[in-house]
Amino acid sequence: MTEAFRDRIDIALTVNGEAVEARVPASRHMIDFLRLDLGLTGAHSGCEHGVCGACTIHVDGQAVRGCLMLAAQADGAEVWTLEGLTESGVIRDLQDAFVARNALQCGYCTPGMLASAMDLLEQGGIPDRATIREHLSGNYCRCTGYEAIIDAVEGVAKARAGKETA
Amino acid sequence: MKAMAGGYARATDVQHALDLLAGADGMGRVLAGGQSLIAAMNMRLSTGDMLVDISRIADLRGVTVEENRLRIGALTRHAEIETDPLIAEHAPLLTQAAGHIAHAAIRNRGTIGGALAHADPAAEFPACVLALGGMIHVQGPDGTRDIPAEDFFVDVFETALEDGVILTAITLPLAEASEKHLLRETARRSGDYALAGLCLVKRAAGHRLSAFSVGPRPLLALAAMERLDAGDIVGAVSALRAEIDPTGDTQASAAYRRHLAGVLLTRAMAEITGEPA
Ligand SMILES: Cc1cc2nc3c(=O)[nH]c(=O)nc-3n(C[C@H](O)[C@H](O)[C@H](O)COP(=O)(O)OP(=O)(O)OC[C@H]3O[C@@H](n4cnc5c(N)ncnc54)[C@H](O)[C@@H]3O)c2cc1C
Ligand code: FES
Ligand code: FES
């Protein structure tokens, strides 16, 4: 049965709405695949062991750590990175709020912050600040001190809720 | 650093996975949620693994009630456990535990079977299954085996699982109507592994207490349980502090962990009895 093991694996998936086919080394994680093979540098590689959250992407509708998923496991998956999320406009308000609130400085953490915050905002309602903090607890930011990020997410939640009831 | 796997294969069912493991010359390694294994591979703590990806085996996923027991498939994810209504009703200890494990994005992929097989001494689920008196079901080339949680956890990252064997499910007794479950832990930041933690289950028949992150494996605190049944909370705290075997590291000293375990027990009992600590 050993012949069933491969050191290069054929995968077919969609990335940001486009069909992609590739042959990937068994050890390649999603972030290296996206950045080095597809040239999508939106998701960042930080710690590569699940601690910092800079690599957060969306796979099959859920936020996941790109560094803790192998590209080989993405066969058939629907993957969204910051490039696609930006183009589609789904987080335009969140991105504007980050700029308005100064919720980014160097920007290293920002793609992961946006991908994680998007998840929470999609649950609807207006999460309190403690809930926002808890949800973003797996995303490190070494610049902003977090307060402005929480402000931005809270502002967007309120604005979206206002629109729905209006 | 970059991972160095020996190879990858996606298993279509349990038998296929077992065949792949058997053909891997001792280098076979089950890949479930990958939330511990891929991190270890990226740090080259694990190299040359022949990865057997079981994550798509549908039979290994989901929660059911069967023969008066709660059955949780090995591939059930932390995020699913956090929100599953059957688990909230029959084993609320696991619902509480899931909220403490890592962060949302990690809970979206990590599995309960992976957490038990990995057997991190600081992990929540192993201690929960121990406190609940659960059974761990495994399947290997020689068939299936049921291992009581008490016999499953052997040492740091070491379990009764043999090479080439897959953890398929856990089963738990259904909580009685009056049963109380409480998980209490202290961590430096939300989502971090606990510095010390406790699982307390109060049944008509008596108390069950397990402790995690205070020894090489989760511990069923038998002496403390006996004191709790006798209504002696102060005695239980002393017994617990004597039973556990914490080590010091960069996070906390052994003495501080021992102290914390006692404080957590005092508080947990105050919550359960409704009397101030
Ligand atoms: C930043 C970070 C923080 C974390 N914090 C916590 C925490 O606070 N508490 C906590 O409990 N966990 C924590 N974890 C670990 C997380 O819960 C993992 O999901 C879990 O330990 C492993 O589950 P997995 O499904 O991802 O397994 P994998 O990573 O796929 O596998 C882990 C090990 O178990 C073996 N294995 C997996 N499934 C099976 C099976 N069905 N049969 C046989 N062997 C199997 C694998 O071969 C491997 O050796 C954290 C992880 C990260 C990255
Ligand atoms: S790079 Fe994935 S969590 Fe840090
Ligand atoms: S803006 Fe620099 S790390 Fe967050």
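The values are calculated or read from the model by the stated rules, or taken from the named source; none is laboratory data. Everything numeric here is computed off the predicted structure, so don't read it as measured data. Quick reminder, even Gly has a Cβ in these numbers, built from the backbone with ideal geometry, and neighbours come from all protein chains shown. Just so you know, the surface numbers come from the protein's heavy atoms only, side chains and all, with ligands and any DNA or RNA stripped out. Shrake-Rupley method; radii C 1.70, N 1.55, O 1.52, S 1.80 Å.
Beta bridges assigned by DSSP with both partners in the protein assembly as shown are antiparallel in approximately 85 percent of cases. Solvent exposure of residue B:59, expressed as accessible area, is near 130 Å², computed with a probe of 1.4 Å over the protein chains only. Each stretch of four or more DSSP H residues adds -39500 (n - 2.57); spread over every residue of chain A, this sum gives -10000 deg cm²/dmol at 222 nm. Restricting the trypsin sites (Lys or Arg not before Pro) of region B:41-140 to loop positions (DSSP other than H, G, I, E, B) with no more than 13 neighbouring Cβ atoms within 10 Å leaves B:44. Divided by 2.2 N^0.38 Å, where N counts the residues, the Cα radius of gyration of the protein assembly as shown comes to 1.01. Extents of chain B, taken as max minus min of Cα coordinates on every principal axis and listed largest first, are 56, 45, 32 Å. What separates the Cα centres of region A:113-162 and region B:124-196 is a distance of 33 Å.
Dividing the convex hull volume of the alpha carbon atoms of chain A by its residue count gives 120 Å³ per residue. Ordered from largest to smallest accessible area (heavy atoms of protein chains, 1.4 Å probe), the residues B:210, A:45 come out as A:45, B:210. Residue B:202 contributes an accessible area of around 80 Å² to the protein surface, as traced by a 1.4 Å probe with all chains present. For chain B, the membrane-span-like helix rule (DSSP H, alpha carbon extent of at least 27 Å along the helix axis, mean Kyte-Doolittle at least -0.5) picks out B:254-273; this says nothing about an actual membrane.
Shown here is the pair-distance distribution of region A:3-85: with all Cα-Cα distances grouped in 10 Å bins from zero up to the longest one, the shares run 20, 56, 22, 2 percent.
With the biggest extent put first, the Cα atoms of region A:91-160 measure 30, 22, 17 Å across the principal axes.
Springs between Cα atoms under 10 Å define the GNM used for chain A, and in it the highest mean-square fluctuation of A:105, A:95, A:62 occurs at A:105. Using a probe of 1.4 Å on the protein chains alone, the accessible area found for residue B:100 is around 60 Å². Between A:53, A:80, A:63, the Cα set farthest toward the positive side of the dipole of region A:3-85 (charges on each charged residue's Cβ, about the Cα centre) is that of A:53.
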